[in-house]
1. It is to be established whether one or more residues within the range 14-33 are charged (D, E, K, R), in contact with a helix residue (DSSP H, G or I) (Cβ under 9 Å, 6 or more places away or on another chain) and crowded, with 17+ Cβ neighbours inside 10 Å.
2. Checking Thr281 against (1) within 30 Å of Val81 (Cβ to Cβ); (2) within 25 Å of the chain's Cα centre (by Cα); (3) open to solvent by 40 Å² or more (accessible area, probe 1.4 Å); (4) among the hydroxyl-bearing types (Ser, Thr, Tyr), which test does it fail?
3. From the list Thr334, Thr345, Thr376, Thr313, which residue is under 18 Å from Glu256 (Cβ atoms) and either at pLDDT 95 or above or under 20 Å from the mean Cα position of the chain (by Cα) (or both)?
4. Inspect all residues belonging to the range 310-331 and state whether any of them is open to solvent by 10 Å² or more (accessible area, probe 1.4 Å), touching a residue at least 40 places away in the same chain (Cβ under 8 Å), in contact with a strand residue (DSSP E or B) (Cβ under 7 Å, 6 or more places away or on another chain) and of a type in the set (Asp, Glu).
5. Working only within the range 316-331, note down all residues that are hydrophobic (A, V, I, L, M, F, W, C) and under 19 Å from the mean Cα position of the chain (by Cα).
6. Look through the range 112-126, keep the residues that are open to solvent by less than 40 Å² (accessible area, probe 1.4 Å) and in a helix (DSSP H, G or I), and return whichever of them is farthest from Gly29 (Cα to Cα).
7. Any idea how many residues of the range 284-301 are in contact (Cβ under 8 Å) with a residue 12 or more places away in the chain, out of contact with any helix residue (DSSP H, G or I) (no Cβ under 9 Å at 6 or more places or on another chain) and either open to solvent by less than 50 Å² (accessible area, probe 1.4 Å) or under 27 Å from Ala239 (Cβ atoms) (or both)?
8. Would you tally the residues in the range 367-381 being closer than 10 Å to Gly300 by Cβ and either in contact with a Phe, Trp or Tyr (Cβ under 8 Å, 6 or more places away or on another chain) or not charged (D, E, K, R) (or both)?
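The values are calculated or read from the model by the stated rules, or taken from the named source; none is laboratory data. Predicted model, so just to flag it, every value in this text is computed and none were measured. Methodologically, a virtual Cβ is constructed for each residue, glycine included, from the backbone with ideal geometry; neighbour enumeration extends over all protein chains shown. Just the protein is used for accessible areas: all its heavy atoms, side chains included, with ligands, DNA and RNA removed. Shrake-Rupley method; radii C 1.70, N 1.55, O 1.52, S 1.80 Å.
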Amino acid sequence: MTTTPAALLTTPLNDLHVSLGARMVPFAGYSMPVQYPAGLMAEHHHTRNAAGLFDVSHMGQLRLVGPDAAAAFESLMPVDVIDLAVGKQRYGLLLNDEGGIFDDLMFVNRDYAHGGDIFVIVNGACKVGDIAHIQAKIGTRCQVIPMPERALLALQGPQAITALARLINGVDKLVFMTGASFSWNESDLFITRSGYTGEDGFEISVPATQADALARALLAQPEVKPVGLGARNSLRLEAGLCLYGNDIDTTTTPVEAGLNWALQKVRRADGARAGGFPGATKILAQLAGGTGAPARKRVGLLALERIPVRDHTELQDLNGQSIGEVTSGLLGPTIDKPVAMGYVTPGFAPLGSRVNAIVRGKPVPMEVVAMPFVPTRYYRG
């Protein structure tokens, strides 16, 4: 008996991708564009220099609604939700009871008329599990409202604001990690000034029925070209940003992943609302260091020879002992050097440490370097 693979889902922009000549691949259960005829390198450079339009409609959108929504959501994550100001966005981490990362996400306090309204975007491959998890854990404390009727576009690059401002009045008032409601073509949009490329840019939640029209309107702007998943991956790696499933997962804690910056002081050991999240005992011990310190750390790596080092490549010390593994790696188009992220034992985490990546049985020398590999250009006002 043979089984056929489950039919891939499509986003509201599927026909547009095909008409633009995209090469479509399976991703997170969807048929998604990995690149267009211009190719990954051209798309990557165009995003760094002008503006790239990404279809990220495979990602999950949901609302948490009710007076207790912020406190309820905070019980699932080691981040400060309660004190997040209206209109501000924050990066969050859903954790399991062992402190492993169930998913990473973005959320905005929209708080319409003080009733409690948190807008959440989760990863596409995790969204079904995430929504079920959130519903099971806090569904009695607030409404958990999935939003499958909406699509999501990302417009990224230094000229994104120029292009978007022609279509939408007032969007220039947003700064990095803020969001607000806008209107276009009689459709309600929710736009945040954020993204996952290291560049200035926007993520646009739009009714699925209007997504194609909005994408075409953006692509009609001279600064904007379509960009696929391939360049999205190379852009986020150069920006030193984790990809869920590669660089973080349920076996990694935020501290191992170097995401301490995402754990606000109020949730730490001496904070006003210390602990109270899944895996708190373990994570607070890792933050304290000493005997509780993690056994591995995520680091940035720069190859000292022009040989790309890919995901799952073993890392060794100079004596041939295994010390870790690469989780993301490629030839960075902007930096024009092979870069990678991976986990190493703590002794090799300091900047300047030398390690070898074993590529086809041969050692490729690498140096631990600071991230991001390419400076970020977020607009902070």
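1. No.
2. Thr281 satisfies every listed condition except (2).
3. Thr345 is the lone residue from the list that is under 18 Å from Glu256 (Cβ atoms) and either at pLDDT 95 or above or under 20 Å from the mean Cα position of the chain (by Cα) (or both).
4. yes
5. Val326, Leu330
6. Cys126
7. 3
8. Selection size over the range 367-381: 6.
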